[in-house]
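Below: one structure, written as structure tokens.
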Amino acid sequence: MKLALIDTLAAFRWARDNGYDVIVTDNPMLARDPAAEGRVLDGDAAVSQDEANRFGRETIALAERIDEALRAGGVPAALGLPAEALRLAGASSRVISTIVYRGLVAARAVATHRPEAIGIGFTDQPMTGSDGIALSRLHVPAVSLSEEGFFGALPVTLQSFPEPGSRSEADVPQDILRRSMHLPLSFLLLEAAQRLKLTRGRRDIFVLSENEALREALPHLAFSGARLRRLGKPKLPPSIGLPPAELPIMVAKEISSSISGLGLFDMAQAEAMARILTLWCARAVARVAADWPHIRKQMAGMLAGQAQPIVLTNGLFGPRGTLTYAALKAAGATVVDFEHGVTTGLSAHSQAKINFSEAATSDVVLCASQTAAKAFAEARGAAATRIEPIGLADQTRRLFRPRLQRRLSRQALGLASQETVIFHVSTWIYQGNLRAGFGMPTERFVETLERRLVEDVYGTLPHKVVFKPYPTERLAHHPPLEARLKLATNVSLSPPEDLRYLRAAADVLVTGVPTSTLGWIVGADVPVVWLGSRQVLPLISPEQDEEVSRSFLTVDIDREDWPERLRELLARPLGEIREAWAAKRQHRDAFYRRAITGPEGSGGRRAAAIIRELMREKSTS
């Protein structure tokens, strides 16, 4: 019997035409595609959510132990790096989790079907992308694993196929009025003043990368005498042909014992996986060592002549973010980070990675809430010595010009002004090669959830429903949602614009998962229905579950009858939904201030005051 592992319809046709008896994919969208003729099995179904969560936690822990082993083995010093410049966990946690997960699907397919030969039909992409660190978006790990003996003595045939096209659409409206409606007046005034060259500053403030909270601080800094200057991103050489670094034996032993200890693979499979991960680690270390002199030189050049400069940024993540922070510190800078979204302090997944969060690559963290500040303070070995809650950006936490925004967004969506609109914001993502460890959904979970929401719930409602899919494609076979699911006449799909430009159209917002999108959702000031789970991307604790339950309208999607419960809730007249929402206002307002929107008042003004205080400290030291 011959077994084929595939990732696209082109690979399916190859397997079918070459007489493969069993054809398996780890993409449930491909397994359900009518063009697959019902012959493709969903291998992802062999991995349970409980299993994925268990080894997801362990892969994050392994990523941190690898960093510790690299430092203990003297690798940074041997490569001329500061000790704090070598931190792979932000990338290695994703690589390890992805290869373990997708390798497990392949291992289970072999164990179930016991083939005499294996064929792998795959999209032709190298293991890592242009940065030499992150996995290529469409690489098939089974290919790399097969080259290391993952399938033992079984003969393996490899057949590559060209990369399929992907949908790339702008997430910003073409209409300049819609693009600017959500922006505060102070930011618009700064833009105009800079274009007219009316701003004059006495002390330089450097901006490396931005988010909404950072941008809202800039006018208060510029109009009080700061000169804003942009730092360019480092230009780095390609990674092609870079030889792997030599690693201490303790790194390989740590990886090998950890993979074996998962109890998911036989000896040959575990050894092959450990070799792949050790090789990836050696190449990533080599990439970091090669990047360091370029990043250090370029940052030193951009900050030349500056005494104790202050650099504002939004999230220096991953190995290159760590290098950039080390280079800024070498140049004498103080790095001020503006938190990315409102995830920290709410998400169990984010807390599992708190040791290599923004607190590891900044001196000052300006976060949204007191809950986030407490969570960041738990980071082990954090560089940040000051963590301050400033509140969400004004443009996130509320709607400016709400009536005009509502009219424009409804026009863009083709919605009548008076009809009731349920707006679903999807934050459950197919993981592909960016599986980030604990709490991430199985691919089957996402496919099943989307299908049941669209076909079993939303299509039965008496209201208009706008469904906004998450705007990313991580699998080689990813047809648009309208090609995969049956859309009832009351259900339409959102264009690929960012939620900020569309949220004003909603009468009710439905979502789940504590991601950065949550800030934009609560700022819309309409009833929010929360689809909660303790299995998939859960909140940080049962206490947070209780807080959310007392603040939002909630449906537990871990229950078998969740579609019926959601349908019953959303089928009510809008007035009844609003009444149920209003009944929770007192507790919700306190929860928002404590854990999501943060303190009242302007976050930009509060951040600017903290930065001016830092400037005064630097000028007198």
At a 1.4 Å probe radius, which order do Asp33, Asp44 fall into by accessible area, largest first? Asp33, Asp44
Spatial separation of Cα centroids for the stretch 362-381 and the stretch 317-336, in angstrom: 18
For the stretch 333-402, what is the relative contact order in percent, using Cα pairs closer than 8 Å and at least 6 residues apart in sequence? 32
Accessible area in the full protein assembly, largest first, 1.4 Å probe, for Met1, Met250: Met250, Met1
Flagged as over-length at 31 Å C-alpha distance, from Lys235/Lys468; Lys329/Lys374; Lys464/Lys584, the pairs are Lys235/Lys468
At 24 Å minimum axial length over the Cα atoms and a Kyte-Doolittle cut of 0.0, report the qualifying DSSP H helices in the chain, or say none. 89-113, 267-302
From the square roots a ≥ b ≥ c of the eigenvalues of the alpha-carbon gyration tensor of the chain, which class results: rounded (a/c under 1.5), prolate (a/b over b/c), or oblate? oblate
Summarise the accessible area of the chain (1.4 Å probe, protein heavy atoms) by the percent that is carbon and sulfur. 51
Heads up, I need the accessible area for Thr334: 1.4 angstrom probe, whole protein in place, Å², nearest 10. 10
Scoring the stretch 348-493 by relative contact order with C-alpha pairs under 8 Å, at least six apart, yields a percentage of 20
Charge dipole of the chain built from unit charges on the beta carbon (Lys, Arg +1; Asp, Glu -1), centred at mean Cα; most positive-end Cα among Ala63, Ile557, Met29 is Ala63
Note, the stretch 82-88: 3J(HN,Hα) by Karplus (6.51, -1.76, 1.60, θ = phi - 60°), whole Hz, Gly/Pro = x, goes x, 4, 6, 7, 10, 9, 9
Potential extension, Ile240-Gln411 segment - 0.36 nm per residue separation minus Cα distance: 56.7 nm
Taking the alpha-carbon distance from Lys253 and a cut-off under 30 Å, which lysines remain once sequence neighbours fewer than 8 residues away in the same chain are dropped? Lys353
Charge dipole (debye, nearest 20) of the chain; +1 at Cβ of Lys and Arg, -1 at Cβ of Asp and Glu: 2500
MRE, 222 nm, helices only [DSSP H, n ≥ 4, -39500 (n - 2.57), over the chain, to nearest 500]: -13000 deg cm²/dmol
With every protein chain kept in place and ligands, DNA and RNA left out, what is the accessible area per residue of the chain? Probe 1.4 Å, answer in Å². 41
Based on DSSP, what percent of beta bridges with both residues in the chain are antiparallel, to the nearest 5? 5
Rank Lys233, Lys329 by accessible area, highest first, at a 1.4 Å probe radius? Lys233, Lys329
Let me check against my output: what whole-number percent is the relative contact order of the stretch 459-553, with C-alpha pairs under 8 Å and at least 6 apart? 23
Check Gly512: other-chain or 5+ apart residues with amide H under 5 Å from its amide H, H built from backbone geometry? Thr427, Leu531
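The values are calculated or read from the model by the stated rules, or taken from the named source; none is laboratory data. What you see is a predicted model; the values in this text were computed from it and never measured. Cβ: placed from backbone, ideal geometry, glycine included. Neighbour counts: every protein chain shown. Accessible surface areas use protein heavy atoms only, side chains included; no ligands, DNA or RNA. Shrake-Rupley method; radii C 1.70, N 1.55, O 1.52, S 1.80 Å.
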